[in-house]
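In what follows, a structure is listed as structure tokens, so that the remarks can point back to it.
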Amino acid sequence: MAEYPGADWAGKSPNRSARNGKVRLFIVHHYASTQSPASARKRFMTKNDRSVSPNFQVNADGSVYEIVPPDRYRAWTTGAVDHQAVTCETQNTSGAPSWGISRASMEAIAHLVAWASKRYGFPIQRGRVSGTSSYSTVVVPGVVGHNETPAGRRTSTACPGPSMDIEWIIARARQIAAGQGGAAPRPSTSKPSRPTPSAAGKLVEDGDLGPATIRRLQEEFGTYPDGVISRPKSDVVAELQRRLNAKGARDWQGRKLVVDGVGLRSNHTARVPLTGRWRTIWALQDYLGTPKDGALSRRRSAVIVELQRRLNADTLGL
């Protein structure tokens, strides 16, 4: 018997493992394919090349198949965060670049979100996740797309695609949860906003690259939020290098950064010299528009003040 009462079919895929965590998220995926529901179900229900499965398969006609029962089992879709999530894979109605999603599918997802929210006790809102594909922290419980998770950011996936209107799904799920009838909400026309920190969580803009600023940057980038820049290599520094490269920031020779996780450290105790190792600082100064010397001044650094200011304002843009 299906756990979700709206399921049109239910099974138990071998691509699953015991759930180890409280459900706090609903993660939305798309197939990246227009393959038939029967073909997709067959793949999810058998051992396959990617060992992949969702909790629910949502088809273009609005029907829902329960692939991995969510109460006791995590599906295999999004990395470690699956332990804290109910996930769905959604059939596309067209291929790239639009990756079409039917309104019937989004209506079905909204019903799933409303049901999961009540069953597992998480709010119907935009969620936020930090961490890595092997370690994830739910910063804000709610609904997210695959591309908003650590695993999605690592692979730069477009999933669940530009046609998946998560804001509409959230608004509709709230209607359903409240028992309201009437017309469904209009599709959203703006991009979803990421939850911002409360005023109490604002960084002190003191130019000190200490644990609080490092942790906020880790949360921004979805790396493990321990407030420490690891040595010899750091995940948060490597992610910073990747993003600076993508934004066109360069070192003093006009070159892209080597993504090696090296080249940034706290200015609590030392001035970082301008050598071949600190090209990352120069590129960060280049991107943020502060004076460029490839070094962090001890304690109060102009580039760190600007970094803190943008993190507080949610305008970092990386």
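Listed values, structure above:
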{"item": "27 Å Cα-Cα reach of residue 42 towards lysines, excluding residues that sit fewer than 8 places from it in its own chain", "result": "12"}
{"item": "Helix-only mean residue ellipticity at 222 nm for the chain, each DSSP H run of n ≥ 4 adding -39500 (n - 2.57), per residue, nearest 500", "result": "-8500 deg cm²/dmol"}
{"item": "Translational diffusion coefficient (Stokes-Einstein; Kirkwood radius from C-alpha pairs) of the chain at 10 °C, 1.306 mPa s, in µm²/s", "result": "76"}
{"item": "Selection from 97, 64, 179, by position along the positive dipole direction of the chain (Cβ)", "result": "97"}
{"item": "At R0 = 25 Å, FRET efficiency that the Cβ-Cβ distance of residue 1 and residue 118 yields, to 0.05", "result": "0.85"}
{"item": "Point-to-point label distance, residue 18-residue 72, nm (Cα→Cβ direction, 7 Å offset)", "result": "1.1"}
{"item": "Three-way shape call for region 1-67 based on the alpha-carbon gyration tensor, with the a/c threshold at 1.5", "result": "rounded"}
{"item": "DSSP loop chymotrypsin sites (Phe, Trp or Tyr not before Pro) with at most 16 other Cβ within 10 Å: longest gap in the chain", "result": "1-134"}
{"item": "Total charge dipole magnitude, the chain, about the Cα centre, Cβ charges on Lys, Arg, Asp, Glu only, Debye to nearest 20", "result": "660"}
{"item": "Prolate/oblate/rounded call for region 37-110, Cα gyration tensor, a/c under 1.5 rounded", "result": "prolate"}
{"item": "Simple label model, 7 Å out from Cα along Cβ direction - residue 51 to residue 313, nm", "result": "4.6"}
{"item": "Centroid-to-centroid separation of region 71-131 and region 15-67 [C-alpha atoms, Å]", "result": "10"}
{"item": "Net charge dipole size for region 61-188 [Lys, Arg +1 and Asp, Glu -1 on Cβ; Debye, nearest 20]", "result": "340"}
{"item": "Value of D in µm² per second that Stokes-Einstein yields for region 70-130, Kirkwood Rh from Cα pairs, at 10 °C (1.306 mPa s)", "result": "119"}
{"item": "Listed residue (149, 162, 135) projecting farthest to the positive dipole end of region 115-169, Cβ model", "result": "135"}
{"item": "Where the chain is the region considered: accessible area per residue in Å², 1.4 Å probe", "result": "45"}
{"item": "Out-of-range pairs (alpha-carbon distance over 29 Å; input 202/292; 47/118; 22/47)", "result": "47/118"}
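The values are calculated or read from the model by the stated rules, or taken from the named source; none is laboratory data. Values in this document were obtained by computation on a predicted structure and should not be read as measured data. All Cβ positions, glycine included, derive from the backbone under ideal geometry; neighbour counts span all protein chains shown. Surface areas here come from the heavy atoms of the whole protein model, side chains and all, with no ligands, DNA or RNA. Shrake-Rupley method; radii C 1.70, N 1.55, O 1.52, S 1.80 Å.
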